[in-house]
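Asks: Just passing along the structure, written as structure tokens.
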Amino acid sequence: MSSPSPTARRRVRTPGAPLSREEQRAQQTWVDGAEPELPVRATPPQRVVFHLGPTNSGKTYESLQALAAVGSGVYAAPLRQLAHEAYAKLSAVLPAGTVGLSTGEEEIDPGAPIVCCTVEKAPPAGELLVLDESHWVADPDRGHHWARLLLTGEYREMHLISAAEALLLLKPLVADAVETEVVNHRRLSRLDVLPAPVKPQQVRPQTLVVAFSRRTVYAVAAQLDRHRTGKVGVLYGALPPATRRDVIARFTRGELEVLVTTDVIGHGINVPATTVLFAETQKFDGTELRPLRTWEAAQIAGRAGRYGLTGHGSVGVLGGVPGLRPVASLVVAGASVARGDTTSDLPNRLPRLRPELDDLGAFEPVDLPEALMRWSVWARTATRAQAMTPDDVSGLVLRVHALLPMMRGPLAADVFTVWRLVNLAIDHDPPRKVRWLALARAALRHRAGLDVPRELVLPPVPRGTTVQEYELVAAQAREAQTLLRSFPGVGGLVAEDAAVVEERCAARITELLPEAIGLSSASRCVSCGVGIAPWFTTCRDCGTRPPSRGSADRRPGRSSSGGASSGRGAPSAGRGAGGRTPRRSDVGAGGRSDPQAHDRSARGRGSDGGPPRTDSARPKHRRRGRSGGGPTGAR
């Protein structure tokens, strides 16, 4: 296949737009004819409708009605689950074959007149575009996909669904529209704040309980399962999509009365919940452990009292879980934003512009790092007077540098192949970088006609007995699908082969989840049984006490409720070693919180990252006088 010229897909600069002096200087370093251009579209939209308002105000409903009436177009959203919801709703009212689904991991009739997809899979042109959760344009990691679609998408009509605060970010990106309309929506159901914390035994059916790590989700679920055995479910990012859909369906049907979930529930997913309780109000966002912003709390709180599914909603905090101290005032502020009474603190980040290969003027893989940095310098100047800012391309540079050493001899590849590899939607952060490199090497070997072991690309379905084992393999199967959709045939596989492995893992996880919740021992010291924070394994006393002879044999037994037993040699519930009353230090260094002490992989931003690491892979504690799971964690 012949390679397209570097300028084959370049967009023409707006006629008559002069170059600034700084832009002229920046472009003097480019090969003649290969300098980049700011993205523009040839055909502007005839109409853009902004649907603005709080959660549960009918924004998405009205937009989908417009899409169904037109009968041709695209619904794009940030999450696979939202694309599935829209696909199900439209399929229920439109003739068979009218609606398709495309999420990268799953394809159902993607050539249908209406396609529901994730934003990354949205086609560049069409009749009508419904862009849900449009305020994601400010997201530092994925916002550039929203910006590129809004700047260059050639749709006759656009419906942009967003919080009202994002209007100032979105409007400049569609400034060329012939006609714009702003529709302000009000919340359709009442949302009250509960006056006091709710204890685990007081949690009622149709309740969502929110936490922000896999470990904490299981710890809270174990506490609640003691009072509603078999009626508590969990939902978090590392679960395969099929398992998540099954859990949501079971909660919707009433088979599960309580759902303990991460903030994945806050991105427009609709379930019949009358109450939302926050088990914690701080999250690790990939950089730091910080309190929730009010717009984040509002997105979650707004899941309570969904119009057409339940009556009015309530929001509050869950008390009585060791180590968790949710801040009630933050929940009150989030509820106010969710009702539309006050504005939120949505970060005022400019939309991000990320380059395409044709913007770089690179002809060989070795040219890419320098070309990316040169583009970054140019873009800072070119966007100075624009309603956008250049994306950080350092991650792309790191990926290219990681690939260059292996591209020797038969594994040498052209710049187009390397660009596809570095842009694969596969986690590159440690420890997942090893997996990405293995898949990239497999793709290069396949292109060179060399053998690639099947197991290197797609591991077999495990025979283990833990949810975490199946989650890991399911995540690897999703990564294999991502690779095989761009490089089919690697290891003699196609994307459908990886989908089968993921489905089998998802089915096994669905079977194991109830038992995993019941057996969870988090929130109790493994040595003495005292209550501790969910991300620790031992209390401070047990972690610093020298091991005594035979101590390995003196493990606390489990009671029927899942906690430490109160039999011979075990402390009574609520008391620590030696029968003492638990101290505040048992739940984390006098109440201090350290993001390094948490299960980082489960506390990624949005809690929708890759699978959590096994306990054996967690960082070891390095400070003297503390246990491996102690309060301060690894530094």
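The values are calculated or read from the model by the stated rules, or taken from the named source; none is laboratory data. For clarity, every value in this text was computed on a predicted model and none was experimentally measured. Quick reminder, even Gly has a Cβ in these numbers, built from the backbone with ideal geometry, and neighbours come from all protein chains shown. Keep in mind that these areas ignore ligands, DNA and RNA; they rest on the heavy atoms of the full protein, side chains included. Shrake-Rupley method; radii C 1.70, N 1.55, O 1.52, S 1.80 Å.
Asks: May I ask for the equivalent-ellipsoid semi-axes of the range 233-334, computed as the square root of five times each C-alpha gyration tensor eigenvalue and listed largest first in whole Å? Provide the component values of the computation, followed by the final result.
Replies: Working: eigenvalues 95, 56, 33 Å².
Taking √(5λ) for each eigenvalue gives 22, 17, 13 Å, largest first.
Asks: Also, I was wondering about something else. Roughly speaking, what is the stretch gain from residue 288 to residue 386, that is 0.36 nm per residue apart minus the C-alpha to C-alpha distance, in nm to one decimal?
Replies: Going from the current span to full extension adds 32.3 nm.
Asks: Compute from the Cα atoms of the range 288-377 the Rg and the Dmax, the latter being the longest Cα-Cα distance, and quote both in angstrom.
Replies: 22.0, 61
Asks: Hey, which lysines would be in cross-link range of residue 199, C-alpha to C-alpha under 27 Å, not counting anything within fewer than 8 residues on its own chain?
Replies: By straight Cα distance, residue 199 reaches 231, 283.
Asks: If you average 1/r over every pair of different alpha-carbon atoms in the range 208-254 and take one over that average, what Kirkwood value in Å do you get?
Replies: Values: mean 1/r = 0.0892 Å⁻¹.
Here the Kirkwood hydrodynamic radius works out to 11.2 Å.
Asks: Report, in debye and to the nearest 20, how large the dipole of the range 224-293 comes out about its Cα centre when Lys and Arg carry +1 and Asp and Glu carry -1 on their Cβ.
Replies: Its charge dipole is roughly 160 debye.
Asks: Which percent of the accessible area of the range 167-305 is formed by carbon and sulfur heavy atoms (probe 1.4 angstrom)? It would help to have the intermediate numbers written out before the result.
Replies: Details: 2430 of 4960 Å².
So the carbon and sulfur contribution to the accessible surface is 49 percent.
Asks: Gap in Å between the Cα centre of the range 451-465 and the Cα centre of the range 225-260?
Replies: Going from one Cα centre to the other spans 28 Å.
Asks: To continue, here is another question. Pairs of alpha-carbon atoms within less than 8 angstrom and 6+ residues apart define the contacts here; what relative contact order does the range 66-208 have, in percent?
Replies: Dividing the mean separation by the residue count of the range 66-208 yields 20 percent.
Asks: Where does the range 278-325 land on the Kirkwood hydrodynamic radius, alpha-carbon pairs, in angstrom?
Replies: The answer is 12.4 Å.
Asks: Suppose every Lys and Arg Cβ carries +1 and every Asp and Glu Cβ carries -1, with no other charges. What dipole size does the range 388-445 come out with about its Cα centre, to the nearest 20 debye?
Replies: 360
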